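Shown next, in structure tokens, is the structure this report addresses.
The values are calculated or read from the model by the stated rules, or taken from the named source; none is laboratory data. Keep in mind that this is a model prediction, so the values were computed, not measured. Backbone-built Cβ (ideal geometry, glycine too); neighbour counts: all protein chains shown. These area figures cover heavy atoms from the full protein model, side chains too; ligands, DNA and RNA do not enter into them. Shrake-Rupley method; radii C 1.70, N 1.55, O 1.52, S 1.80 Å.
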Amino acid sequence: MRKLLLLPFLILACSAPEKEPEPVAPVAEGLFNPPANFPAPAYALAGNPVTADGFELGKALFNEPMLSRDNSIACAECHNQSYAFTHHGHDVSHGVDNRVGTRNAQPIQNMAWQKEFFWDGGVGDLDLFSVAPIENPLEMDENLGNVLTKLRSSSKYPALFKKAYGSTEITSQKFLKALSQFMISLVSANSRYDKFIRKEVGILTADEQEGLNLFKQKCSSCHAGDLFTDQSYRNNGLNIQGSKDEGRFRITENPSDRYKFKVPSLRNVEMTAPYMHDGRFYTLDEVLRHYTTGVQQSQNVDPLVKDGIALSEDEQAKIVAFLKTLTDREFLTNPKFVGN
């Protein structure tokens, strides 16, 4: 009897061999190279290694207007490489039908080191990051299902997915992971400051060096480390009491998080104007003046800035001079990031 019971399983084992896993290419050299002075990436690279074909697919999708409802706006519309992948000159993002968003578009750079995304940290996984702008009615105003349908019906994308994943099947997981592969490859770590710190070439001027020293004394508690952010959420004393945008509170519903926003990285800050979550300041000089004389005594204002930061006009100018050394020209002009 035992032999008879085993027979169907033996037949099934012979007739239905286990499916071979889809081939995955090795990590492409030069596409994701963590800088030696950076901390370990937060992104789970083992689950989505960057491949040459995955990167190219992600880049194509990043520049694809079919991701929007009316096929008019791509991710690259609000994230322009020349300005560290920000929406240069726009205080807040602009979407389909010229709809106006509520927040300033943040840079897309060094994403592999971020643990949470957007000004309020509303997304905690880079692989889910892209869904938010696609489905936001003020941005791309589409839904993910429609996007996948359009990609499946195109003459271009089934072949690109096959190259990247070994199959023409287009799924939400493959779509989102391809976008992540492109975004985590956008590593900025080769500014004049970086070369100075690594003792490679060049020096900082006297004003820039003094600005660096002042920055360490006055600003590095929040804009910490080589990423120039501690990734915390803080109320930096903007005049926003009564604003509909209550920042981190929208996610946590904790009253102590009301009007707190994520501390942004300062890499390439020279190129990412306008500044703050609502794009209210158009120059770095305005930003420094805010911290010196403009901080409002409001609910949850951060203790580090509540009394302002004592800086003379000369000291402010020297900090701005230092901040400009964080501009990574190679990153801003790298042709491998340019869409076809």
**Message:** On C-alpha positions alone, give me the angle between the axis of helix 144-153 and the longest principal axis of the chain, in degrees, nearest 10.
**Reply:** 60 degrees
**Message:** I'd like the orientation of helix 313-323 relative to the chain: the angle between its Cα long axis and the longest Cα principal axis, in ° from 0 to 90, rounded to 10.
**Reply:** 20 degrees
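How large is the dipole of the stretch 256-340 about the Cα centre if only Lys and Arg carry +1 and Asp and Glu carry -1, each at its Cβ, rounded to the nearest 20 debye? Can you show the working numbers first?
Details: 11 positive and 12 negative charges, 67 e Å.
Rounded to the nearest 20 debye, it is 320 debye.
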**Principal axis dimensions, the stretch 120-166 - Cα atoms, whole angstrom, descending** = 37, 21, 12
**Complete:** Amide H contacts under 5 Å for Gly247, restricted to residues at least 5 apart in sequence or on another chain and with H modeled in the peptide plane, are Tyr259
**Request:** Determine the dipole magnitude for the stretch 49-105: charges of +1 sit on the beta-carbon of Lys and Arg, -1 on that of Asp and Glu, nothing else is charged, the reference point is the Cα centre, and the result goes in debye to the nearest 20.
**Result:** 160 debye
**Prompt:** Angle between the Cα long axis of helix 2-15 and the longest principal axis of the chain, 0 to 90 degrees, nearest 10?
**Reply:** 70 degrees
**Options Thr252, Ser312, Leu266, ranked by Cα towards positive dipole end of the stretch 182-340, top entry (Cβ charges)** = Thr252
**Fill in**
Computed over the chain, the relative contact order (Cα-Cα under 8 Å, seq sep at least six) in percent reads 20 percent
**Request:** May I ask you to rank Ile184, Ile309 by accessible area, largest first, using a 1.4 Å probe over the protein chains only?
**Result:** Ile309, Ile184
**Request:** Might you tell me the accessible area per residue for the chain, computed with a 1.4 Å probe and given in Å²?
**Result:** 50 Å²
**Message:** Just want the answer: with Cβ charges of +1 for Lys and Arg and -1 for Asp and Glu, which residue in His94, Tyr83, Asn110 is farthest toward the dipole's positive end in the stretch 80-132?
**Reply:** Tyr83
**Two-decimal Rg/Rh across the stretch 61-162, once Rg and the Kirkwood Rh are taken from alpha-carbon atoms** = 0.96
**Complete:** In whole Å, largest first, the alpha carbons of the stretch 210-269 cover along the principal axes 39, 20, 20
**Message:** Per 0.36 nm of contour for each residue apart, how much would the distance between Asn98 and Ala46 grow if the chain were fully extended, relative to their Cα-Cα spacing?
**Reply:** 14.8 nm
**Asked** What nm distance separates the two modelled labels at Leu304 and Tyr282, each placed 7 Å from Cα along Cα→Cβ?
**Response** 2.9 nm
**Prompt:** In whole percent, what relative contact order does the stretch 44-104 give with Cα contacts below 8 Å and a gap of six or more residues?
**Reply:** 18 percent
**Request:** At q = 0.08, 0.13 Å⁻¹, work out log10 I(q)/I(0) for the chain with the Debye formula, treating every Cα as an identical point scatterer and leaving solvent out; two decimals please.
**Result:** -0.44, -1.03
**Complete:** Using the Kirkwood radius over Cα pairs of the stretch 84-238, the Stokes-Einstein translational diffusion coefficient at 25 °C and 0.890 mPa s, in µm²/s and rounded to a whole number, is 132 µm²/s
**Prompt:** Taking a quarter of the surface of the convex hull around the Cα atoms of the stretch 84-126, what do you get in nm²?
**Reply:** 3.5 nm²
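Starting from the Cα gyration tensor of the stretch 218-340, take the square roots of the eigenvalues, sort them a ≥ b ≥ c, and report rounded, prolate or oblate (rounded when a/c is under 1.5, otherwise prolate if a/b is larger than b/c, else oblate). If you can, show how the numbers build up before the last one.
Working: a/c = 2.05, a/b = 1.33, b/c = 1.54.
Since a/c reaches 1.5 but b/c is at least a/b, the shape of the stretch 218-340 is classed as oblate.
Can you pull the percent of the chain's accessible area that's carbon plus sulfur, 1.4 Å probe, other chains left in place? Let's see the in-between values first.
Numbers: 9170 of 16910 Å².
C and S fraction of accessible area: 54 percent.
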**Prompt:** Mean separation of Cα pairs under 8 Å and 6+ residues apart, divided by the residue count of the stretch 32-179: what relative contact order is that in percent?
**Reply:** 25 percent
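Within the stretch 103-177, list the GluC sites (Glu not before Pro) lying in a DSSP loop whose Cβ has at most 15 other Cβ atoms in a 10 Å radius.
On the way: sites: Glu116, Glu135, Glu139, Glu142, Glu169; in loops: Glu116, Glu139, Glu142, Glu169.
Here the sparse-neighbourhood loop sites are Glu169.
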**Asked** With a ≥ b ≥ c the root eigenvalues of the C-alpha gyration tensor of the stretch 160-303, is it rounded (a/c under 1.5), prolate (a/b larger than b/c) or oblate?
**Response** oblate
**Prompt:** Using only Cα atoms, what Kirkwood radius does the stretch 253-310 have, in angstroms?
**Reply:** 12.7 Å
**Asked** Among all the lysines, which ones have a C-alpha under 25 Å from Lys150's C-alpha, if same-chain residues fewer than 8 places away are not counted?
**Response** Lys59, Lys162, Lys163, Lys174, Lys177
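Please compute the Kirkwood hydrodynamic radius over the stretch 144-227, one decimal place, Å, based on all pairs of different Cα atoms. The partial results should precede the final answer.
Working: mean 1/r = 0.0594 Å⁻¹.
Taking the inverse mean of 1/r over all distinct Cα pairs, the stretch 144-227 comes out at 16.8 Å.
Add -39500 (n - 2.57) for each DSSP H run of 4 or more in the chain, then divide by its residues: what number comes out at 222 nm, to the nearest 500 deg cm²/dmol?
Working: 14 runs with 115 residues, N = 340.
Counting only the DSSP helices, I get -9000 deg cm²/dmol.
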**Message:** For the chain, set up a GNM with springs between Cα atoms under 10 Å and report which of Asp302, Asp194, Asp314 has the largest fluctuation.
**Reply:** Asp314
